[in-house]
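Inspection log for the structure reproduced underneath, given as structure tokens.
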Amino acid sequence: MNKIHAEFISKLEHHYGRYNAENNSFESTSNSKIARDLFYSDSQFSRLINNTASEGELTRALRNVQRLLDVHELRRKVSKQASGTGNSIFDKRVFMWISGVLLVSLAITLYLFTRQTDEVETDDGLSEQTRYEMLRWGFENNYIKPYVKLKELPEDCYYPCYKYQGKWILKDEYKIPFFRERNGFHYVAKEVVMYARCMDERDDRGESFEGYEYQKHEIWYDKREVPIDSFLTKGAEPKLSASYMESNFEDDPNFVKIAYVHTFFKTEFNIEDGLIYRSGKAIGRDIEFVSREILEKQSISSDFLNELKSETNTIAKNLLEDFSKPITCNPTETPNLDFNQIKEGDVLSFDCQFKTGRFLVDYNKSYIFTDQYISTYCR
């Protein structure tokens, strides 16, 4: 296993420079960047680089690195041939076409192979796979970048969306109680990963950008079946109480996690007079139940568990349709009136509404900027 790890490091050094064993880092590239190149999460790559991964993971990673090196070598040869003198223009075009096909094939092979390493066993007895792996592959690779490049910006540099391009994640989770014939169901937004890109196909001076989101949410059941009114403030326009929003279902034995909800969501953002308007809808959704063995340990009988699953399926098919319709959110102020100053760490915070039964429930969805594609200024 140590021999495999040593070979893994050696191959990485071929491409990323000398390896510093004390810091577990390479001289020319950050570990996060290398992880993205290999289609790994930071935590997965950390296990590999620290030699705490399994022998199987290391073996697969070794093959992944070799495929990456093969792709770069082929690109080098293509570049050399393109800049050299060939027998004819026709020969060059044929060579470029064949090489391009091989490059794409190698890239797809690398993607498909690395998919095998994304499977992790969770405490819920589920085999958790990175559901946004195809989305991540589309935006975090060396070969195709769907973003507008700096060199493509207009001469006057007025193209506000260019600074919003990159990766955004959910800043804070939020929760919503469902109004049903049976009380006790709650929806918790746990994770969002969104890749934003300029909508350069629109002739709008760069004032629109779109986000492709993977959302991971949870459905919980409260054994006490407390009515939804208990979580709302009094008055003509009831809102979710602060105590409800600050509660943690994980720490409350009355609450049982029933299922995960995986959603693919497309959002459009429009920049206008210092405000950003958000609209969008769900494109696809999947529900994944916590294993029966885990739920039965929560003192839930088999028959009642079947009822809960039926109820949860109804929620996913019917109530969550409101999350599939065009969303209703108030505009938010831009993080900075000078769009050139938008940077990692900035937040887009939207106040939105969700309709459940006869109740309109307010919630806040905030994105935080974690990986900006263009960090320099257009000049």
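The values are calculated or read from the model by the stated rules, or taken from the named source; none is laboratory data. Note that the structure is a prediction, hence the values are computed from the model and not measured. Don't worry about glycine lacking a Cβ; one is built from the backbone with ideal geometry, like all the others, and counts go over all protein chains shown. Calculation scope for accessible area: heavy atoms of the full protein, side chains included, ligands and nucleic acids excluded. Shrake-Rupley method; radii C 1.70, N 1.55, O 1.52, S 1.80 Å.
Of the numbered criteria (1) buried (at least 20 other Cβ atoms within 10 Å of the Cβ); (2) over 24 Å from P331 (Cα atoms), the one K175 fails is (2). Examine segment 319-339 for a residue that is modelled with pLDDT of 80 or more, exposed (fewer than 13 other Cβ atoms within 10 Å of the Cβ) and assigned to a strand (DSSP E or B), and state whether such a residue exists. Scanning segment 319-339, I find at least one residue that is modelled with pLDDT of 80 or more, exposed (fewer than 13 other Cβ atoms within 10 Å of the Cβ) and assigned to a strand (DSSP E or B), so the answer is yes. Restricting attention to segment 345-368, and to residues there that are at pLDDT 95 or above and either outside the structural domain of R278 (by the TED database) or not in a strand (DSSP E or B) (or both), which single residue is least open to solvent (accessible area, probe 1.4 Å)? Checked segment 345-368; the qualifying residue least open to solvent (accessible area, probe 1.4 Å) is D346. Counting residues in segment 4-13 that are open to solvent by 60 Å² or more (accessible area, probe 1.4 Å) and under 17 Å from N142 (Cα atoms) gives zero. Look at (1) open to solvent by less than 40 Å² (accessible area, probe 1.4 Å); (2) touching a strand residue (DSSP E or B) at 6+ places or on another chain (Cβ under 9 Å); (3) modelled with pLDDT under 80 and you find that E119 fails only one, number (1).
Identify all residues within segment 222-248 that are open to solvent by 60 Å² or more (accessible area, probe 1.4 Å) and not in a loop (DSSP other than H, G, I, E, B); write none if there are none. Selection gives D229, S230, A242, S243, M245, E246.
The set of residues from segment 35-67 being of a type outside the set (K, R), under 29 Å from Q372 (Cβ atoms) and in contact with a helix residue (DSSP H, G or I) (Cβ under 6 Å, 6 or more places away or on another chain) comprises A35, L38, F39, D42, F45, L48, A61, N64, V65.
Among the candidates K145, K163, the residue that is modelled with pLDDT under 90 and within 20 Å of the chain's Cα centre (by Cα) is uniquely K145.
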